[in-house]
Structure formats: structure tokens, C-alpha cells
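Enquirer: Below is the structure I would like to discuss, written out as C-alpha cells.
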Amino acid sequence: MEPDLIQNSVAHETQDDLGPNLIRMKITDQIKELQTVLRDKSTSRSDFIFHADRLIRLVVEEGLNQLPYTKCSVITPTGYPYDGLKYERGNCGVSIMRSEGKLTVTLQWGSFIIMIISGTGNTVIQAINVLREHEVKEHNIIILNLFTTPAAVRSVLQTFPEVKLLTSEVHPVAPNHFGTKYFGTD
């Protein structure tokens, strides 16, 4: 695909085209700069990891904002009340690793599914199927990823319409070099 055509197709892709359960982070200059460094083939591995970790933190922070909270009141160490928030219920994080064609899903205490890259959505769909086998309700699943393609969003949300998918970017070309550069296996 020609670069101008890629930009053109991205410009015409709207939230409505991809469904109400796609949550796109607001693209600030900081996020765009992080995405640019991660896509630049001349970025050193140490700079790549530094910028990737920053973007991961921003995506996770936005993901935490998607969780249900309830109001609560606590007493501070000085004896004064403080009106705050707490999670409505316990949360479970899921780490997903794909290696040599094998998918490993590890449940751990935390918050949600975390995916780095989603080009086709197949790995995400496999992971959600594993969660469903463990009786996780579809509407309780939030997918976090750094980059995804329109095709992956459509595939995941057509298969699991109640899942929420949060991403920093939807672009026709996913940076598939991410894992090899981040983990130094290139």
C-alpha cells in the first residue's frame, strides 16, 4: 500500500466504522512521538525499550480508567475523612505470550488482558477463548494494546461484541517488529 493511501485510509476510518467498544486513546503530541520512535527503523534497542515502556504505562493507565469504581470514604492517618474511589470488584490480569506458534495465557492478579500488537486479531481471539473456557464473562474483558489494525479490531469485536478494546493507535500497518526489537531476538 502506498504511504499516501495508508494515510488516506486512516483519515476515513471513524469510531463508528469500528464499533462502540473500540476505545482510542486521545493522540497527544507525547503519544504520537512515542509511536514515531517505535516505528522508526533507526531507533536503537535501548531507546526502543525506553519509549515502549512509556507508551505501555500510558495505555495501562487509560485501561485502569475503564474499570468500574464505586465511591468510598476512608479515615486518613490524621483522623479526617477522605471521599475517594475503590474498584467495584476484584480484577484479574492476563499476560499473553506467543512463541513458536504456541499461545500461553497466564492468569495473575492485576487488571486485564494486555496485548502489545494486534495485526490480525487471531491471538487476541485465541486468548479470549481461553478466558471464556474459564467462565470469564465477555463484558468483563478489556483488551489493552499499543497498536492494532482496522482488520484486527473488526475481527475481535465481531467475534466478541461485548469485549472492550483499548488502543493507542489503529493503523493499517502494525509494527510487527515490536516483539523482536523489544526482547532483542532480532
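Enquirer: List the residue pairs whose Cβ atoms are under 8 Å apart, where the first residue sits in the stretch 74-87 and is closer than 25 Å to L64 by Cα, the second is assigned to a loop (DSSP other than H, G, I, E, B), and the two are 6 or more positions apart or on different chains.
Expert: Y82/T76; Y87/L67; Y87/P68
Enquirer: Looking at the stretch 126-170, which of its residues are of a type in the set (V, I, T) and within 14 Å of V94 (Cβ to Cβ)? Steps first, answer last, please.
Expert: Taking the stretch 126-170 as the starting set, the residues that turn out to be of a type in the set (V, I, T) are 128, 130, 136, 141-143, 148-149, 153, 156, 159, 163, 167, 170.
Scanning the stretch 126-170 gives I128, V130, V136, I141, I142, I143, V163.
Enquirer: Could you list all residues from the stretch 158-186 that are within 17 Å of the chain's Cα centre (by Cα), open to solvent by 20 Å² or more (accessible area, probe 1.4 Å) and hydrophobic (A, V, I, L, M, F, W, C)?
Expert: Listed by number, the list holds a single entry, V173.
Enquirer: Could you list all residues from the stretch 117-130 that are out of contact with any helix residue (DSSP H, G or I) (no Cβ under 8 Å at 6 or more places or on another chain) and open to solvent by 10 Å² or more (accessible area, probe 1.4 Å)?
Expert: From the stretch 117-130, those out of contact with any helix residue (DSSP H, G or I) (no Cβ under 8 Å at 6 or more places or on another chain) are 123, 126-127, 129-130; that's our starting set.
The answer is T123, Q126, N129, V130.
Enquirer: If you don't mind, another one. One residue is enough: does the stretch 65-74 have a residue meeting the conditions open to solvent by 90 Å² or more (accessible area, probe 1.4 Å), at pLDDT below 95 and under 24 Å from the mean Cα position of the chain (by Cα)? Spell out the reasoning first.
Expert: Filtering the stretch 65-74 down to residues open to solvent by 90 Å² or more (accessible area, probe 1.4 Å) leaves 65, 71.
Okay, now just the ones that are also at pLDDT below 95, so 65.
Filter once more, keeping what is under 24 Å from the mean Cα position of the chain (by Cα): 65.
Yes, that holds for at least one residue.
Enquirer: With respect to D47, is the statement that it is surrounded by 12 or more Cβ atoms within 10 Å (Cβ to Cβ) and over 17 Å from T180 (Cβ atoms) true? Reasoning before the result, please.
Expert: Details: surrounded by 12 or more Cβ atoms within 10 Å (Cβ to Cβ): yes; over 17 Å from T180 (Cβ atoms): no.
Criteria not met by D47.
Enquirer: Can we say V59 is of a type outside the set (D, E, K, R) and touching a residue at least 24 places away in the same chain (Cβ under 8 Å)?
Expert: Numbers: of a type outside the set (D, E, K, R): yes; touching a residue at least 24 places away in the same chain (Cβ under 8 Å): yes.
So V59 passes the test.
Enquirer: Does the stretch 31-44 hold any residues that are surrounded by fewer than 12 Cβ atoms within 10 Å (Cβ to Cβ) and not in a helix (DSSP H, G or I), and which are they?
Expert: Result: K41, S42, S44.
The values are calculated or read from the model by the stated rules, or taken from the named source; none is laboratory data. Everything quoted here is computed from the prediction, not taken from an experiment. Note that each Cβ is placed from the backbone with ideal geometry, even for glycine, and that neighbours are counted across all protein chains shown. Ligands, DNA and RNA are stripped out before the accessible areas are found, and what is left, the full protein with its side chains, is counted by its heavy atoms. Shrake-Rupley method; radii C 1.70, N 1.55, O 1.52, S 1.80 Å.
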